[in-house]
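Before any comments, here is the structure.
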Amino acid sequence: MKPQKFIAKCIDCGHEGPFSPLSPTCPKCGSEWQIARYDYEAIKCTLPQALPNRPFDLWRYHELLPVHGGRPEISMGEGGTPMLHLVKLGMMLNLPYLYFKDERQNPASSFKDRQAGVTIAALKEAGITEMVVASTGNVAISYAAYSARAGIKLWAFLTSLVPSEKMREVAIYGAKVIKVTGTYDQTKQVAAEFARQRGLYLDKGARSLPTVESMKTLAYETSEQLTGILGKPQGAMWQSPTWFVQAVSGALGPLGVYKGYEEMLEMGFVSKIPKMALIQAAGCAPMAHAWKQNKLTAEPVRLPRTHITTLATGDPGRVYTLLAERMRKHGGTFDAVTDEEAFRAMHLLAKMEGLSVEPATAVAIAGVIKLARAGILKPDDVIVINGTGHTMPIESHILGDRWAENVVLPTKVAAERNIPSDGLSAALKTLQVREKPHIAIVDDHEPARILLRRVLQSLGEFTISEAANGKEAIELARREHPDLILLDLMMPDADGFQVIESLRSDPSTANIPIIAVTAKTLTPEEKKRLHGQIAKVMQKGEFLTDDLVDEIRALIG
Ligand SMILES: *Cc1c(COP(=O)(O)O)cnc(C)c1O
Ligand SMILES: [Zn+2]
């Protein structure tokens, strides 16, 4: 027998022994909950020196993964995803340290590739050639891809609510797709019975040691990357974020992340464990409900009422208890957002940051917005959002039906290779839309101008001019007479108050509506100065795209 690289420790009776995916329960008490323990004393000395020379994917931590051979042949470079700074969203929420761990950039477009890469490699080592999994979509896609590489036959049980685009993705890899008309929890039962009858290996999600181990790599990468961005912290080798935010279904991700941080703390790599903000879809939020009631067990939701199928785990079982115990100790919260809030957040992230995510990931973004507004996330906090995954293609209900304009060429013109210019310009005329309102953006801070410009660009047809100080703003208003001015109040030289007074005293600019945008809370004296002069004051860090657009529409229709 090979020397054991790690041992399995039972979390119920403490028994320690070798681990095999073929007999995954504790030999002493029968518990299904075992965690991996490695030679931390040795690894804490050797790993820091080894890391700089290794590729940036999750196998750079192979000493700490339950696969004996190290980097496996089936690897497709899973993990090692970029850490992106969300500048505009951060400005809107007054959260300057807001980061997005871009898990869309995994081989099959979600963070489930970590789970599949590590688990399938461990199963292949154990000689497994056929297996069963139940899934809300993404696990099946990732397992299908990796089992194709490993030569494992996969039976994927999916609830019939999973979008058909995802089911077809599973099928293209040659997995057997079984659609179950029922909830995800029922689908799991059907899959388990099928596996039992045929004597096949069944994936047990969070109760499987390799899956929890796979997700801890998110914690290691996050801390390594934050250290690169923010510098080495005092008293530790790596940074921990203040918050780790994720949209959760069965919550395997955060369970793994905790495992990672507990190990890093034990080895002295970090000095603290982050708080967790775990967000559910309101129509299926058993963990958020239990947390609000201060309970350590969650009441299952029998009939999930959400369109976001990825997050439709009704019964989180013991995972909730394991997380809630840690969150009581290290801080954090569970919360829930509506489908509607998630879809709006999905548009916001795509339009402001250029990141298209699936609705489940947008649940985390909507959660950040909610927690920022509640004052739970604070401006000094370093916040890492698990950008869990990407759906391709975008489901049609997300966009509605007015998402494109048509240019129809006359048939005769289209048939000829060489399009005569008059036919082309006649066709393009249909694009010369309505009168475009003219909006002037006045702000001395360039990122703030870019943010406002982007809000306007993404939401309608406007002519946009910009001024970087009060003097330019007054000149611009006299010259161009915009339909509306978005005016920063705090600028060096002529500030917003002076601009307003100057414009109001000139009959040619006296009636231009103004929305004031300000970073500071106004004094009663300042409020008096503005009274009757402007349409609205918007506080920086406290408004989102939609709020601003509502104001603009009300003023210039
Ligand atoms: C699986 C998944 C989640 C939920 O993750 P858990 O940790 O299993 O709760 C969120 N978003 C996406 C895109 C997922 O695939
Ligand atoms: Zn035991």
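The values are calculated or read from the model by the stated rules, or taken from the named source; none is laboratory data. From a predicted model like this one, the values you see are computed outputs, not experimental measurements. Don't worry about glycine lacking a Cβ; one is built from the backbone with ideal geometry, like all the others, and counts go over all protein chains shown. Side chains included, ligands, DNA and RNA excluded: accessible areas come from the protein's heavy atoms. Shrake-Rupley method; radii C 1.70, N 1.55, O 1.52, S 1.80 Å.
Things to note:
- Filter result for the condition that a residue is more than 18 Å from the chain's Cα centre (by Cα) and among the hydroxyl-bearing types (Ser, Thr, Tyr), over Thr361, Thr309, Thr297, Thr338: Thr297
- Residue satisfying condition, being within 18 Å of Ala116 (Cβ to Cβ) and modelled with pLDDT under 95, within set Thr183, Thr136, Thr159: Thr136
- Test: residue in segment 87-94 that is touching a residue at least 60 places away in the same chain (Cβ under 8 Å), surrounded by 24 or more Cβ atoms within 10 Å (Cβ to Cβ) and under 30 Å from Leu200 (Cβ atoms): no
- Consider segment 26-43 and keep the residues that are open to solvent by less than 60 Å² (accessible area, probe 1.4 Å) and part of a loop (DSSP other than H, G, I, E, B). The one that is farthest from ligand 1 (Cβ to nearest atom) is Gly30.
- For Gly205, the test of being small (Gly, Ala, Ser), open to solvent by 30 Å² or more (accessible area, probe 1.4 Å), in contact (Cβ under 8 Å) with a residue 12 or more places away in the chain and not assigned by TED's automatic domain parsing to the domain that holds Pro24 is failed.
- Close pairs from segment 6-20: first aliphatic (A, V, I, L, M) and part of a strand (DSSP E or B), partner modelled with pLDDT of 95 or more and within 6 Å of ligand 2 (Cβ to nearest atom), Cβ under 9 Å, at least 6 apart: Ala8/His15; Ala8/Cys26
- None of His68, His62 is more than 16 Å from ligand 2 (Cβ to nearest atom) and either part of a loop (DSSP other than H, G, I, E, B) or surrounded by fewer than 16 Cβ atoms within 10 Å (Cβ to Cβ) (or both) except His68.
- Matching residues, segment 148-169, being out of contact with any Leu (no Cβ under 7 Å at 6 or more places or on another chain) and either surrounded by fewer than 19 Cβ atoms within 10 Å (Cβ to Cβ) or over 27 Å from Arg318 (Cβ atoms) (or both): Ala148, Arg149, Ala150, Gly151, Lys153, Ser160, Pro163, Ser164, Glu165, Lys166, Arg168, Glu169
- Picking from residues in segment 185-194 that are in contact (Cβ under 8 Å) with a residue 24 or more places away in the chain and either over 19 Å from Gly137 (Cα atoms) or charged (D, E, K, R) (or both), the one that is most open to solvent (accessible area, probe 1.4 Å) is Lys188.
Here is a yes/no grid of residues against (1) at positive phi; (2) in contact with a strand residue (DSSP E or B) (Cβ under 9 Å, 6 or more places away or on another chain); (3) of a type in the set (D, E, K, R); (4) away from ligand 1 (no atom under 13 Å from the Cβ):
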site	(1), (2), (3), (4)
Pro72	no, no, no, yes
Gly77	yes, no, no, yes
Met83	no, yes, no, yes
Asp102	no, yes, yes, no
Val118	no, no, no, yes
Ala121	no, no, no, yes
Ala134	no, yes, no, no
Asn138	no, yes, no, no
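- Selected residue (criterion: surrounded by the fewest Cβ atoms within 10 Å (Cβ to Cβ)) from residues of segment 272-330 that are among the basic types (Lys, Arg) and within 26 Å of Gly260 (Cβ to Cβ): Lys329
- Counting only helices (runs of 4 or more DSSP H) wholly contained in segment 331-413, the ones carrying 2 or more residues that are assigned by TED's automatic domain parsing to the domain that holds Tyr320 and more than 16 Å from ligand 1 (Cβ to nearest atom) occupy 339-353, 359-373.
- Residues that are closer than 19 Å to Leu252 by Cβ, near ligand 2 (Cβ under 10 Å from one of its atoms) and not aromatic (Phe, Trp, Tyr), drawn from segment 13-38: Thr25, Ser31, Glu32, Gln34
- Residue check for Tyr99: of a type in the set (Ser, Thr, Tyr), touching a residue at least 12 places away in the same chain (Cβ under 8 Å), in contact with a His (Cβ under 8 Å, 6 or more places away or on another chain) and not assigned by TED's automatic domain parsing to the domain that holds Ser20: yes
- Checking each residue in segment 38-62 for being within 15 Å of Met215 (Cα to Cα) and either assigned by TED's automatic domain parsing to the domain that holds Ile120 or of a type in the set (D, E, K, R) (or both) picks out Asp57, Arg60.
- Of residues in segment 302-330 being more than 16 Å from ligand 1 (Cβ to nearest atom) and outside any helix (DSSP H, G or I), the one farthest from Leu89 (Cα to Cα): Arg302
- Matching option when the condition is more than 24 Å from Glu78 (Cα to Cα), within 16 Å of ligand 2 (Cβ to nearest atom) and among the charged types (D, E, K, R), among Arg373, Arg318, Arg344, Arg326: Arg318
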